[in-house]
Amino acid sequence: MQRLLAGYKKFRREVFPNHKDHFHLLADSQHPDILFITCADSRVVPNLIFQTEPGDMFLCRVIGNIVPPYGAMLGGISATIEYAVEVLHVRHIIVCGHSDCGAIKAVLPPDPNESAPRDPRTPRDLSRLPLTAKWLGYVEPAWKYLPAGISDADIPTLHTALIRANVVAQLENLKTHPEVARALAHNTLEVHGWYYDILTGAVEAWDQQRRQFLPLEDWASDVSER
């Protein structure tokens, strides 16, 4: 809490005065171009990673960057998507997963080669977390997007592959939302699946045509040439 208070004091003293005009423009309205859906993991900081300013992105954070298919669980995420598309008229929706995702780790089989004690923040027994267990059920479709040749015996590799596959699965779920489907049909919206590596800071983007993740720089260059 002391770190928050110290940060707030610095914000009021140093940061806000330097951006006062910008904040004044945002005081009565917002016009973000992007809805950024990512995990609630504290290590993922979209505004830092992409160096965006206040007002640039409409953020939605939830465990496992999960987007339930439309009608499966109407709630905050569905309402956020609806508002972003219908009211804010965002031009892009990005679903972004990340390395070492605890939500995905929780649905993996135990690692027989794991010698170190398992991270207690990643529970294997979800019986005491019924809401979490139900929520992680929406990861199940990700298994069908795994690339061929991934072995269940190689848990670290499987973990990373399933994180990426989950991005693709949630991207497909996103397209089931009627406002998203309409906007896609009218070419007023684009949807993207990204993966962020915490260790290296690199971002990869799902290339629908190639059916693979590419470095974001390569993906952006490739898209601009199409």
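The values are calculated or read from the model by the stated rules, or taken from the named source; none is laboratory data. None of these values were measured; they are calculated from a predicted model. Glycine gets a Cβ as well: all are built from the backbone with ideal geometry, and neighbour counts include every protein chain shown.
Data table
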quantity	calculated
The one condition in (1) part of a loop (DSSP other than H, G, I, E, B); (2) under 13 Å from the mean Cα position of the chain (by Cα) that Gly64 fails to fulfil	(1)
Residues within segment 46-61 that are in contact with a strand residue (DSSP E or B) (Cβ under 6 Å, 6 or more places away or on another chain) and in a helix (DSSP H, G or I), tallied	1
Those residues of segment 35-58 which are touching a Leu at 6+ places or on another chain (Cβ under 9 Å) and either over 23 Å from Leu136 (Cβ atoms) or free of Cβ contacts under 8 Å to residues at least 24 places away in the same chain (or both), in sequence order	Asn47, Pro54, Gly55, Met57, Phe58
Residues being closer than 20 Å to Ala161 by Cα and hydroxyl-bearing (Ser, Thr, Tyr) - total across segment 58-107	1
Any hit, segment 107-125, residues being of a type in the set (A, V, I, L, M, F, W, C) and either in contact with a Gly (Cβ under 8 Å, 6 or more places away or on another chain) or at pLDDT 90 or above (or both)	yes
Pairs with Cβ under 8 Å, 6+ apart, first in segment 96-108 and farther than 17 Å from Leu146 by Cβ and surrounded by fewer than 19 Cβ atoms within 10 Å (Cβ to Cβ), second of a type in the set (Asp, Glu) and at pLDDT 95 or above	Gly102/Asp41
Residue that is surrounded by 12 or more Cβ atoms within 10 Å (Cβ to Cβ) and in contact with a strand residue (DSSP E or B) (Cβ under 7 Å, 6 or more places away or on another chain), where the choices are Val67, Val85	Val67
Members of segment 179-220 found to be within 23 Å of Pro147 (Cβ to Cβ), outside any strand (DSSP E or B) and among the small types (Gly, Ala, Ser), listed by number	Ala202, Ala220
Selection within segment 131-165 - closer than 14 Å to Ala103 by Cα and exposed (fewer than 12 other Cβ atoms within 10 Å of the Cβ)	Leu131, Lys134, Glu140
Single condition Ala181 does not satisfy, out of (1) modelled with pLDDT of 90 or more; (2) under 19 Å from Ala40 (Cα atoms)	(2)
Segment 170-215: number of residues that are touching a strand residue (DSSP E or B) at 6+ places or on another chain (Cβ under 7 Å) and within 23 Å of Pro156 (Cβ to Cβ)	14
Filter result for the condition that a residue is over 21 Å from Cys101 (Cα atoms) and within 15 Å of the chain's Cα centre (by Cα), over Val168, Val180, Val203, Val191	Val191
Total residues in segment 1-40, condition under 30 Å from Gly64 (Cα atoms), part of a helix (DSSP H, G or I) and of a type outside the set (A, V, I, L, M, F, W, C)	4
